[in-house]
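Worksheet for the structure shown next.
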Amino acid sequence: MQKYLTDVKSTSYITAFASLLITLHCLLASCNASPSDPKMVTVSIEPQKYLLEQITGDRVEVRCLLSNGSNPETYDPTVTHLLNLQKSMGYLRMGHIGFEAALLDKIKQSNPDLPIYNTSEGITPITGTHSHDGVTHTDIDPHTWTSVKNAKIISKNMLDAMVEIDPANKNYYQRNYERFSHRLDSLDQVITARLAPKRGSAFMVWHPSLSYFARDYGLEQIVVGNAEHKDMSISDLKEIIDHAKEHGANVFFYQKDFDSRQVEAINTHTDAREININPLAYDWEKEITEIANAL
């Protein structure tokens with residue numbers, strides 16, 4: 001009887017010890033296990049992030065290379081940005097921004113299997129809006145997103161990209177795109193009606209960021225500055241100011257973070273309303289609406 005009790009006691013200890021080992025193993029495994037990474041897609045600029053999030057909703061985390069407030073002309077990606085690209089299912093570039101072209105080779109070398117999409121594909125380009133050292137170039141104007149009509153093309157390109165890289169959520173993305181597409185149509189109709197009496201009129205802008213917006217609604221964009229944000233010659237400024245006066249330009253758009261100190265001085269000769277805009281703001285819809293309201 002005593003031997004039986006001893007054997008039972010030993011068996012209990014062994015069972016308890018085994019249970020403890022299993023429990024410790026499970027705890028250690030849970031500590032070392034990392035949760036599955038969320039699906040991630042990378043874009044170039046904040047307005048593009050806004051457009052894509054209208055389609056992807058909560059199914060994808062959208063990361064942006066250029067943070068709000070950064071200058072795309074002097075942008076240099078951080079290690080974090082490049083690591084985000086490595087974790088991404090795809091890179092949806094804007095299409096014609098300078099830093100994208102400089103990055104593409106580096107991205108392809110470090111991430112040869114990363115799908116890359118040009119979200120401005122299919123947009124009729126505008127050229128000759130940017131000048132450097134007094135010379136106007138025929139490069140494509142990169143600000144394709146500052147247009148509601150273009151935004152619809154960009155969004156469709158985004159939908160096609162997401163369906164290709166994440167087909168499991170195709171129906172979800174399609175439904176979101178259709179809702180957003182109708183919203184874009186409504187916004188375009190409202191702006192078209194509001195600006196119809198302004199067709200043929202002009203506005204001034206320091207940096208040529210509203211070329212596509214102007215084309216959409218039959219307006220003339222008078223560029224006062226240049227792509228390098230350098231001071232202009234007296235004769236060039238006089239010619240631009242005279243042109244603005246002749247065409248009744250009474251709105252002067254400028255970007256507070258990047259524009260020259262000449263804005264206020266120039267405007268003493270035109271007496272236009274100075275409107276601060278941020279074409280790189282995340283809330284694309286709000287920014288476009290405010291630009292239309294200012295006109």
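The values are calculated or read from the model by the stated rules, or taken from the named source; none is laboratory data. None of these values were measured; they are calculated from a predicted model. We place every Cβ from the backbone using ideal geometry, glycine too, and count neighbours over all the protein chains shown. The area values use the complete protein model at the heavy-atom level, side chains included, leaving out ligands, DNA and RNA. Shrake-Rupley method; radii C 1.70, N 1.55, O 1.52, S 1.80 Å.
Could you tell me whether any residue of segment 270-282 is open to solvent by less than 30 Å² (accessible area, probe 1.4 Å) and modelled with pLDDT under 85?
Yes; the residues of segment 270-282 include at least one that is open to solvent by less than 30 Å² (accessible area, probe 1.4 Å) and modelled with pLDDT under 85.
Pairs, please: C-beta under 8 Å, at least 6 apart or cross-chain, first residue modelled with pLDDT under 95 and in segment 47-64, second hydroxyl-bearing (S, T, Y) and assigned to a loop (DSSP other than H, G, I, E, B)?
R63/S88; C64/S44
Hey, can you tell me all the residues within segment 244-269 that are at pLDDT 90 or above and over 30 Å from V62 (Cα atoms)?
Result: A249, N250, V251, F252.
Per-residue answers, yes or no, for (1) acidic (D, E); (2) buried (at least 20 other Cβ atoms within 10 Å of the Cβ):
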{"residue": "L187", "(1), (2)": "no, no"}
{"residue": "G200", "(1), (2)": "no, no"}
{"residue": "W206", "(1), (2)": "no, yes"}
{"residue": "D216", "(1), (2)": "yes, no"}
{"residue": "E220", "(1), (2)": "yes, no"}
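Would you call M158 buried (at least 21 other Cβ atoms within 10 Å of the Cβ), out of contact with any Gly (no Cβ under 7 Å at 6 or more places or on another chain) and more than 30 Å from K238 (Cβ to Cβ)?
yes
Scan segment 94-113 for residues that are in contact with a strand residue (DSSP E or B) (Cβ under 6 Å, 6 or more places away or on another chain) and not small (G, A, S) and jot them down.
H96, E100
Mind checking whether some residue in segment 55-76 is under 16 Å from Y282 (Cα atoms), part of a strand (DSSP E or B) and open to solvent by less than 20 Å² (accessible area, probe 1.4 Å)?
Yes, that holds for at least one residue.
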